[in-house]
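The structure appears below as structure tokens.
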Amino acid sequence: MTAARIDSHQHFWRYSAAEYGWIDDSMAMLRRDFLPADLQPILAAQGIDGCIAVQARQTLEETRFLLDLAQAHEFVRGVVGWVDLRSPEVHDQLREFGRNPKFVGVRHIVQAETDDRWLLRDDVQAGIAALAPRDLVYDLLVFPHQLPAAIELCARFPGQTFVLDHLAKPYARTGERQPWQDRIGELAKLPNVHCKISGLCTEADWQTWTADSLRPWFDVVLAAFGPRRLLFGSDWPVCLVASTYDRWVTTVDGWLGELSDRERTAIRGGNALATYRLPKRRPAR
């Protein structure tokens, strides 16, 4: 049986200006609906078997929307949704979504928080503590300056699985790698933290980036996390402002060329299946 390939990070939405205000004029091409029917043929063309849909809005309604899409489309293998970690009702929210086996994780848009230590708030940590007993992953969406708090959080919860999104959005446009590189090394010392190879091209110059120019950032996370804790992700459709889907797949596959077959298989899909404990596909009838 051929090993499954999984895109561990993409988004779906029905666009409205009020709900997606972060899509500014420079990203005007994203001001439309992006739904499973748009993504499925792209995945098929690349031989990718499934994907994980990740929240882009901080509402319970969006999590329900994503779970409904996942139920209707088998190739959407999991959903990383949003719950209000700070709310005393977080257990009720997790209980509701946990009835769906495709609910595999939680994310908050921490990069938008002005408090660099938001992750270390008592109420946030109380919400984080509710995830591991339910086998839920927590996706970390942070900027480099927020990594110290992320490191401290992950160290406080050794039984919780964390996945770092987009390599913590390094400053690939300027080429500045410190202190990001040292902080990535410190974070990766924690065995409960994994990292997605995603979102990097949109942190670089959208017009001029190349696989070679971004290779040093990949080399840092490969050395830090190793091939057993890296996951391929596209960040579709956001990636489209800087790259076609095919180009990003080709770029990452090129970086993996020097690895063993087993290591490539792990990064391309095996690690996502294991890390998110994705539900097994139903057998064909």
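The values are calculated or read from the model by the stated rules, or taken from the named source; none is laboratory data. Worth saying up front: this structure is predicted, and the values here are computed from it rather than measured. A quick note on method: Cβ atoms are made from the backbone with ideal geometry, for glycine too, and the neighbour counts reach across all protein chains shown.
Overview of values
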read-out	value
Residue match in region 168-175 (condition: touching a residue at least 24 places away in the same chain (Cβ under 8 Å) and among the polar types (S, T, N, Q))	no
Matching residues, region 27-85, being under 23 Å from Asp135 (Cβ atoms) and among the acidic types (Asp, Glu)	Asp49, Glu62, Asp68, Glu74, Asp84
Tally of residues being part of a loop (DSSP other than H, G, I, E, B) and either touching an Asp or Glu at 6+ places or on another chain (Cβ under 9 Å) or surrounded by 15 or more Cβ atoms within 10 Å (Cβ to Cβ) (or both) across region 122-171	12
Ala129 within 13 Å of the chain's Cα centre (by Cα) and small (Gly, Ala, Ser)	no
Conditions (1) surrounded by fewer than 17 Cβ atoms within 10 Å (Cβ to Cβ); (2) modelled with pLDDT under 95: number failed by Ala4	(1)
Ser243 vs. criteria surrounded by 20 or more Cβ atoms within 10 Å (Cβ to Cβ) and either under 23 Å from Ala188 (Cβ atoms) or among the basic types (Lys, Arg) (or both)	no
Single residue of Ser213, Ser198 found to be in contact with an Asp or Glu (Cβ under 6 Å, 6 or more places away or on another chain) and among the small types (Gly, Ala, Ser)	Ser198
Neighbours by Cβ (under 7 Å, 6+ apart or cross-chain): first from region 66-85, closer than 24 Å to Val110 by Cα; second acidic (Asp, Glu)	Val80/Asp139; Trp82/Glu62
Residues satisfying the stated conditions in region 81-117, i.e. within 24 Å of Thr275 (Cβ to Cβ) and among the hydrophobic types (A, V, I, L, M, F, W, C)	Trp82, Val83, Leu85, Val90, Leu94, Phe97, Phe103, Val104, Val106, Ile109, Val110
Region 253-274: number of residues that are within 10 Å of Leu230 (Cβ to Cβ) and either β-branched (Val, Ile, Thr) or at pLDDT below 95 (or both)	1
Identity of the residue in region 192-221, among the β-branched types (Val, Ile, Thr) and within 22 Å of Leu153 (Cα to Cα), that ends up surrounded by the most Cβ atoms within 10 Å (Cβ to Cβ)	Ile197
Meets criteria (basic (Lys, Arg), closer than 22 Å to Leu141 by Cβ and touching a residue at least 12 places away in the same chain (Cβ under 8 Å)) for Arg57	yes
Lone unmet requirement of (1) of a type in the set (Asp, Glu); (2) part of a helix (DSSP H, G or I); (3) farther than 30 Å from Phe34 by Cα for Asp115	(2)
Subset of region 10-24 [of a type outside the set (Phe, Trp, Tyr) and under 23 Å from Trp248 (Cα atoms)]	Gln10, His11, Ile23, Asp24
Residues (part of a helix (DSSP H, G or I) and surrounded by fewer than 17 Cβ atoms within 10 Å (Cβ to Cβ)) located in region 61-80	Glu61, Arg64, Asp68, Leu69, Gln71, Ala72
Checking Val83 against (1) crowded, with 18+ Cβ neighbours inside 10 Å; (2) over 15 Å from Gln55 (Cβ atoms), the condition it does not meet	(2)
Residue check for Gly105: within 17 Å of Trp13 (Cα to Cα) and either in contact (Cβ under 8 Å) with a residue 24 or more places away in the chain or part of a loop (DSSP other than H, G, I, E, B) (or both)	no
